[in-house]
Each structure stands twice: as structure tokens, then as C-alpha cells.
Amino acid sequence: MRMIGLALGVILALSGQVAASGAALVIANERHADLRDARGAQALLRLEGPLAGAGFAVDIATDLAAPTMRAALSSLAEAIDRDGHQRVIVVFAGYAVHAGGTAWLLGSDARAPDLATIDDAGLRLETALAVAGRLQGGALVAIADHGFPGRAPAGLSPGLPAQVDVPQGVTLVSGPADQLDAFLRGAARPGTILRTAAAQGRSLRLQGFDAPYLPFLPDGHAPARDGDDRAFAHAQAQGTEDALRRYLEDFPAGAHAEAARAALAALEMTPERVEEALAFSRDERRAIQRELTLLGFDPRGIDGIFGPATRAALTAWQRHNAHDATGFLTRDQVFQLSAQAARRAAELEAEARERQAEQERRDRAFWRETGAAGDERGLRLYLERFPQGLFAAVARQRLQEIEDERARAEALRDRAAWDAARALDTVDAYQRYLQDHPDGAFADQASDRIDALTEDILPEPPDPQIEAARAQEEALMLPRFTRVMVQQRLAQQGYEPGPADGEFDRRTRRAIRQYQRDNGLPVTGYLSQVMLARLMAGGILRLLD
């Protein structure tokens with residue numbers, strides 16, 4: 001934020017042959033560190049031109065913390081005593097709170113003060129009134145009251161109180177910023193009576209000194225030419241359209257009006273303004289970015305936003321085409337860019353067609369060499385080279401047919417082997433079937449038949465591993481209830497352990513062996529601690545139903 005001629009608020013008297021009319025301090029606290037912005041507060045910064053033109057030594061300050069506000073007001077008091085000013089204007093725009101008849105103008109560092117800390121967060125209005133009161137009859141204090149954002153802190157109320165104790169000879173005006181702006185511009189014109197100027201604003205309140213026939217600046221007030229020169233010099237120093245327009249608003253027939261209009265016209269013809277006048281839509285900006293990309297000037301994205309990367313791409317394109325490298329487009333450049341992009345698009349399309357034709361030629365040739373014969377190896381070679389090729393769908397269909405035929409043949413072989421085993425109906429026949437077809441459609445039936453055929457055969461001498469497994473199961477000392485749950489859990493998982501009666505018969509042992517085989521456990525037919533834990537996991541609640 002700018003602060004003109006202010007170093008901790010030190011107010012300098014205007015130089016020149018004509019003495020200054022007085023001193024003016026304008027503080028606009030719009031942005032705050034911890035509070036919502038006081039929108040519109042900085043509108044009063046435009047008063048600098050009219051006040052300077054009326055002969056005031058003007059200081060502008062924005063977004064001051066409370067200590068800096070007090071320092072600025074202290075420096076203003078010193079300037080009043082030191083420089084012999086006849087009038088003083090103090091303007092504040094921002095948040096304010098009050099308690100009783102006491103009001104505080106909040107600094108930009110304010111958070112949520114209470115009655116104990118409010119003096120640290122703001123400047124007392126009575127202090128500003130007292131400083132202005134050093135020039136009784138020529139003292140004007142204007143407050144653009146923005147209240148307080150949200151609920152005011154406990155013990156405090158937002159804004160200024162309804163009635164303020166204004167010192168003798170001081171005029172206090174408060175209200176919205178836009179109405180205060182018009183009021184203070186009127187006050188800066190010689191012969192303006194403050195009561196009349198305040199009446200033009202519907203929401204303005206004038207308190208304190210109110211002379212019905214005494215103008216704030218007398219008729220014939222003389223620093224106009226000197227103020228004209230200073231205002232134009234200030235506008236030139238700022239070099240902005242707003243500054244020049246403010247000068248022309250305040251001095252429409254001033255000595256420098258013609259020069260100001262010429263300078264304003266030159267600013268309005270900058271590359272930025274020329275492009276701005278084209279009023280590109282978001283889609284038009286995207287189209288320009290696509291055209292730049294097409295021509296090899298990368299804007300780093302096509303989002304319709306002309307950021308630094310897009311400006312750099314435009315600058316490079318302009319330089320390549322012998323234009324002024326401004327990074328901003330003119331109407332003729334837009335047409336040229338579009339024409340170049342259209343030609344390049346046609347070239348790329350032709351190149352793409354040529355590439356596509358060559359790709360198809362290679363595709364067809366390789367198909368003739370491989371997949372056209374219809375054998376599995378050739379079809380897979382074709383799909384490996386051209387997974388999205390012209391004949392990819394045909395190749396996949398033929399491969400599926402080959403795999404279906406293979407599956408049908410395998411099913412027939414499986415059925416024939418099973419029929420042969422059934423015809424013999426021996427343990428050896430079924431075991432050969434399982435050996436040749438471990439995943440066959442009849443594998444479970446073969447296992448069941450083997451168990452049935454061997455049921456009456458005397459067992460072989462005990463296997464040490466089986467004996468150990470039996471001993472491990474006995475050590476578990478499973479109650480009947482648990483054994484029933486084991487049988488129920490096996491049945492739920494698709495095995496056939498027989499009736500859930502807690503008796504582990506041949507069918508239960510077979511179901512245990514099948515479970516162990518399917519789950520990578522030692523196949524013994526006897527329960528282990530690991531199998532019991534796995535079998536019961538997730539099934540306890542269901543078994544209890």
C-alpha cells in the first residue's frame with residue numbers, strides 16, 4: 001500500500017510560492033490482518049487531488065496499525081503548531097466501535113478487542129477531535145464508519161455512538177464513504193458552506209461546529225493555480241489513468257487539462273488496453289491457446305487464462321512474425337494467428353492421413369503373413385504387433401473359437417476317462433483318473449468312490465505323521481459342542497462331513513482332508529490348532545444362530 005510523504009506520519013508542508021491552505025491527513029484502513037476487509041474504505045484516497053488543489057498539504061496512508069495511526073496524528077499536531085496552518089482536515093475510513101460516548105477508530109492490526117485492550121487496538125476519536133481542535137473554526141473531521149464485521153466484542157458496540165462530544169470549533173461529519181467523498185470535494189471548493197454540502201448526502205451526520213453562513217474555504221481562495229500545478233505533477237508522477245482522470249475531474253479547465261487528456265489517450269492505447277478492448281471470451285482465449293500450441297508456441301495449458309506462460313508464448317510468436325514483442329494481441333494479429341493455425345492444422349491432417357495409410361498397409365501385410373492362415377500362433381503374433389489393428393476383432397474371435405474347441409475336446413477326454421474308470425470301478429482306475437485329470441469334472445466323485453471302495457479294507461500300519469496328527473487332535477480335548485461346530489463349518493464351506501452330531505466318522509475325516517488339501521495344510525484327516533483357528537475364523541456368530 002502507498003503512503004505519500006508519510007514516514008510514521010510525518011507531515012511535510014507543501015513547497016511553493018503560495019502558502020498552503022492547511023494540512024490534511026487521510027487514513028483508509030481497508031485491509032486487516034485478522035478481520036474481513038472494510039470494502040470501499042480506500043475510495044476516499046481519491047480526495048488527494050481536490051484537497052491538494054485547494055492548497056492543503058495532503059498525506060495519504062493506508063492500512064495503518066493502531067500505533068502508527070497515533071504516530072501519524074501526533075505528527076499532524078506538530079505540523080499544525082510548526083507550520084502555521086489555518087485549517088485542518090482529518091479523514092478516517094474503516095472499522096469503529098464505541099462504549100457509551102467513547103469511540104475508537106480501529107487499526108489494521110485489530111482482532112477482537114475488549115474493554116481492557118481496546119486502546120491498544122485503535123485510536124480514540126476524541127484524540128483526533130482534540131488534535132483538530134487546535135484550529136477552532138477551521139477544523140473538519142470526517143469518519144467513513146464501516147461499523148464492525150460480525151458481532152462486536154463484549155462490552156463494545158459497532159460504529160460511532162449516536163452522539164459524540166465534539167470540542168468547540170470542530171466539525172464532525174460521519175456517514176458512508178461515497179457520500180463523504182462528495183461532501184469533502186465540495187468542502188474543498190471555495191465558498192462552500194459545510195451544512196449545505198452535508199445536506200447533499202442523505203446519510204451524512206454533521207455534529208459540532210456548524211456556521212450557517214461561514215464557508216470552510218472563503219470565496220476567492222487563491223491557491224488554485226498552484227494547486228493545479230501540484231495536482232498535475234502528482235498525476236504525472238503516478239502515471240496511471242485513474243490519477244489523470246482524477247486531475248481532469250478536479251480541474252476540467254485547468255492549465256494542464258490538454259496535456260492530461262493527451263497523456264490519458266496515450267495510456268489508453270497501450271498494448272494491454274488494445275487487447276482488453278477486444279473483450280475475448282473464455283472460449284476465445286482457449287482457441288488462441290490451442291492455435292499457439294498448434295504452431296509450436298507452448299502456453300502451458302489450454303484453460304482460457306492468459307498467465308505468464310501464455311504471455312511468453314504470445315511474445316515468442318510476435319517476435320517470430322516480426323511484430324512488437326508485447327505479449328498482447330491486436331485484432332490483426334488475432335486474424336494472422338488464426339490463419340497460420342488453420343494452415344498448420346491442414347498440414348498436420350494431411351500428414352496424419354499419410355501415416356494412417358502407411359500404418360494400414362503394414363497392418364494388412366502382416367495379417368497376410370500371420371493371422372490370415374487362421375492358426376493359433378499366427379493369430380497371437382498378429383495381436384501382439386497390432387492389438388488395435390484392422391483385423392484385431394477377427395483374430396480375437398478366431399482365438400476364442402480355438403480355445404472353445406480345445407475346451408470341448410478336453411471335456412470329451414475327461415468324460416471318456418471317467419467312463420473308463422467307472423467301467424472298471426477299482427481303486428487303481430479311479431486313482432489313474434485323478435492322476436490324469438486332477439481338476440477334472442469328476443474328481444470329487446472319484447475321491448468319494450475311492451473312499452467307499454477302501455472303507456472295508458484294513459488300514460496299513462500307522463504312519464508316524466498320521467499318528468502325530470491324531471495325538472495332536474486328542475490333546476485339543478474338543479468338547480462335543482466344538483466338534484459339532486467344526487462339522488457345521490465344514491458343511492458351510494462346501495465339504496460333506498456327514499451329520500453334525502459331533503462324531504468324526506469316515507465322512508468327517510474325508511472332509512477334513514479335503515479342507516487341508518485346499519488350504520495348504522498337512523493332509524492328515526485330523527484337526528490341528530491352526531486348522532481349528534482358520535475354520536472357526538469369521539464363522540462363530542453364524543454357527544451360534
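Quick notes on this one:
- THR270 vs. criteria among the hydroxyl-bearing types (Ser, Thr, Tyr) and modelled with pLDDT of 95 or more: no
- Residue in region 179-199 that is farthest from ALA142 (Cα to Cα), counting only those that are at pLDDT 90 or above and touching a strand residue (DSSP E or B) at 6+ places or on another chain (Cβ under 8 Å): LEU194
- In region 49-71, residue nearest to the chain's Cα centre (by Cα) [restricted to those that are crowded, with 23+ Cβ neighbours inside 10 Å and assigned to a helix (DSSP H, G or I)]: MET69
- Extreme residue, farthest from ASP451 (Cα to Cα), among residues of region 398-431 that are within 60 Å of the chain's Cα centre (by Cα), loosely packed, with under 11 Cβ neighbours inside 10 Å and not charged (D, E, K, R): GLN400
- Residue within region 112-122 that is modelled with pLDDT of 90 or more, under 25 Å from GLU48 (Cβ atoms) and out of contact with any Pro (no Cβ under 9 Å at 6 or more places or on another chain) present: no
- Residue that is modelled with the highest pLDDT [pool: residues in region 446-462 that are farther than 14 Å from ARG509 by Cβ and among the acidic types (Asp, Glu)]: GLU460
- Filtered residues of region 479-494 (kept if assigned to a helix (DSSP H, G or I) and either over 56 Å from the mean Cα position of the chain (by Cα) or without any contact (Cβ under 8 Å) to a residue 24 or more places away in the chain (or both)): ARG480, PHE481, THR482, ARG483, VAL484, MET485, VAL486, GLN487, GLN488, ALA491
- In the set GLY122, GLY107, GLY94, only one residue is touching a residue at least 40 places away in the same chain (Cβ under 8 Å), of a type outside the set (A, V, I, L, M, F, W, C), more than 14 Å from VAL26 (Cα to Cα) and in the same structural domain as PRO153 (by TED's automatic domain parsing); that residue is GLY122.
- Among the residues of region 124-150, those identified as assigned to a loop (DSSP other than H, G, I, E, B) and over 23 Å from SER203 (Cβ atoms) are GLN136, GLY137, GLY138.
- Within region 225-276, if we keep just the residues that are free of Cβ contacts under 8 Å to residues at least 60 places away in the same chain, more than 38 Å from the chain's Cα centre (by Cα) and not in a helix (DSSP H, G or I), the residue that is surrounded by the fewest Cβ atoms within 10 Å (Cβ to Cβ) turns out to be ALA253.
- Looking across region 263-275, the residues that are among the acidic types (Asp, Glu) and within 17 Å of GLN318 (Cβ to Cβ) come down to GLU272, GLU275.
- Look at region 417-433: where a residue is assigned by TED's automatic domain parsing to the domain that holds ARG449 and a partner is buried (at least 19 other Cβ atoms within 10 Å of the Cβ) and of a type in the set (Lys, Arg), sitting 6+ places away or on another chain with Cβ atoms under 7 Å, you get TYR430/ARG449.
- Condition check for ARG361: under 27 Å from ILE402 (Cβ atoms) and either in a helix (DSSP H, G or I) or touching a Ser or Thr at 6+ places or on another chain (Cβ under 8 Å) (or both): no
- Condition broken by ARG380, with the remaining ones in (1) touching a helix residue (DSSP H, G or I) at 6+ places or on another chain (Cβ under 8 Å); (2) among the charged types (D, E, K, R); (3) surrounded by fewer than 13 Cβ atoms within 10 Å (Cβ to Cβ) satisfied: (3)
- Whenever a residue of region 342-367 is within 20 Å of PRO387 (Cα to Cα), its partners that are assigned to a helix (DSSP H, G or I) and modelled with pLDDT under 95, lying with C-beta atoms within less than 8 angstrom and at least six residues away or across chains, give the pairs PHE366/TYR382; PHE366/ARG385; TRP367/TYR382.
- Test: residue in region 250-259 that is of a type in the set (A, V, I, L, M, F, W, C) and within 20 Å of ASN321 (Cα to Cα): no
The values are calculated or read from the model by the stated rules, or taken from the named source; none is laboratory data. Predicted model, so just to flag it, every value in this text is computed and none were measured. When we count neighbours, we look across all protein chains shown, and the Cβ atoms used for this are built from the backbone with ideal geometry, even at glycine.
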